[in-house]
1. What list of ³J(HN,Hα) couplings, whole Hz, do you get for segment 418-425 from phi and the Karplus terms 6.51, -1.76, 1.60, once you set θ to phi - 60° and write x for glycine and proline?
2. Could you check the spin-label model distance between residue 136 and residue 375? Points 7 Å from the Cα along Cα→Cβ, value in nm.
3. Multiply the residue gap between residue 406 and residue 383 by 0.36 nm, knock off their C-alpha separation, and tell me the result in nm, one decimal place.
4. Hey, rough spin-label estimate for residue 416 and residue 102, points 7 angstrom out along Cα→Cβ, what's it come to in nanometres?
5. Which net charge results for the neighbourhood of residue 307, defined as the other residues with beta-carbon distances under 13 angstrom from its beta-carbon, given Lys and Arg at +1 and Asp and Glu at -1?
6. Once fully extended, how much extra length lies between residue 48 and residue 120, figured as 0.36 nm per residue of separation less the alpha-carbon to alpha-carbon distance?
7. For residue 148 and residue 336 in the same chain, what is the full-extension length gain: residue separation times 0.36 nm, less their Cα-Cα distance, in nm?
8. Could you give the nm distance between label points at residue 363 and residue 21, where each point is 7 Å from its Cα heading toward the beta carbon?
Amino acid sequence: MSGALRTWLRLLRHRDSGGHLPTVLAVVAFAAATWAVLTVAGGVQAFTERARLAGPGSDAALYPLLAAVSVALLVVPTAALGGAAARLTVARRDERLARLRLAGATSAQTGLVALLDAGLQAVAGAVAGVVLNLLATPLLAQLRFQGRAFEPSELRLGALPVLVTAGAVLLVSLVSCAVSLRRVVVTPLGVAQRLPAKALSWVRVLPVLLVGLAFTAAFRVLGQLTAGVGLAGAVLVLAVLLAATFALYNLVGPFLLSVLGRVLAARARSVPTLLAARRIADDPRSAWRGVGGIALVTFVAGCLSVVPGMTATDGGDVEGEALLRDVGTGALVTLVVAAVLAAVSTGVTQASRVLDGAPQHRALHLAGADVAVLHAARSRETWVPLALTTGGAALTALLVVSPLLAVLRSAPVGVLLFAACAAGGAGLVLLASRAARPLLAQSVDLSRAPR
């Protein structure tokens, strides 16, 4: 036990060519995920309490249901960011732990070192997320719903929900680390030699078709569904289906990228394209994580593109107009939170992919590849998956809102906002990819190579 602690403390002081950047990125990602969970939970708590005080039969009872739809739209990006933080630079961590095993460390010692490292990052990120939530709460309280602003106390969670959230963040980190650790303990040589990952199966596509059919059927019988289970039940059913569609798109994305990588590799006519295609095909999950956040926020923007048309309805009902206006505000808040999650996820993942790929970049450079060729390959490795996933997200969102096309046509501004979000998200990915270029130059610098 004491030997493992001493080893862990030494590893904290010693970092390779990436310095402390991997740890910083993981803490930032965990902090953003924690902040998002606490912010969304605080909003749901505030709306639920207002509905309780207003009593039955009031429009206030609809707000917790609408908040549930926002939660459905944000739960997958938040979980994806938390998972990305837990898997951050997993290849580098596996390699370091494999070296410890080959140097004579026992399985228990290696496991303790890994869990301490992952746990420290998760706890630091969770604490930072809690502090960020406390600082942001007074600003969020300025939002007006139901004709009045929030009180900061309405949005603040109690100690127990905060501890549960922090515990969930820590659990995600430790579980991900344990899964990674199992590979190192069983076969450290396999990890050190970077054996290929298991190929993805086309079976991932089947659940998407089933959920798509369920979504279409639910919209077609929405009137009967509302009459049968009430408005609350109908909204919850649609929220669950929306979250399922979201999650399954996150599931099928890597498979589509693996197919794309194989097709591009077979048809490549230049070295950068071939390198990019092979890297996409070899590790489609990593390629998806680099663009998946923007694809998911594009999906959110597409689903919310009908909101301007809904809020523009003028029926002379003051309470109804106030409700629709609040729906528009809530949609904007949801989109902003999703954009923040996507921005953090994109920046963290782009940087971590360069750090994880440092040994391959260095080997290619030693084999004669120019740094310019490596930059061109990484650029293609970014924008090719980006085009596929963003286009797929836009198409999926269009299918989801297809029963409301009349509403969309009544307010084309929703389409413009959707296009602006998609273009802004794509620009964000490309900017994050370009910002990571110095890391690639460092990775091929032999004077910085780990010894």
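1. 4, 5, 5, 5, 5, 5, x, x
2. 3.4 nm
3. Details: separation 23, 0.36 × 23 = 8.28 nm, distance 3.32 nm.
Residue separation times 0.36 nm, minus the Cα-Cα distance, leaves 5.0 nm.
4. 6.0 nm
5. Details: positive: 325; negative: 326.
Counting the neighbours of residue 307, the net charge comes to 0.
6. Working: separation 72, 0.36 × 72 = 25.92 nm, distance 3.45 nm.
Separation in residues times 0.36 nm, less the Cα-Cα distance, equals 22.5 nm.
7. Numbers: separation 188, 0.36 × 188 = 67.68 nm, distance 2.08 nm.
Between residue 148 and residue 336, full extension yields an extra 65.6 nm.
8. Modelled inter-label distance: 2.1 nm.
None of the figures in this text is laboratory data; all of them are computed from the coordinates on show. The shown structure was predicted, so the numbers you read here are calculated from the model rather than taken from an experiment. Quick reminder, even Gly has a Cβ in these numbers, built from the backbone with ideal geometry, and neighbours come from all protein chains shown.
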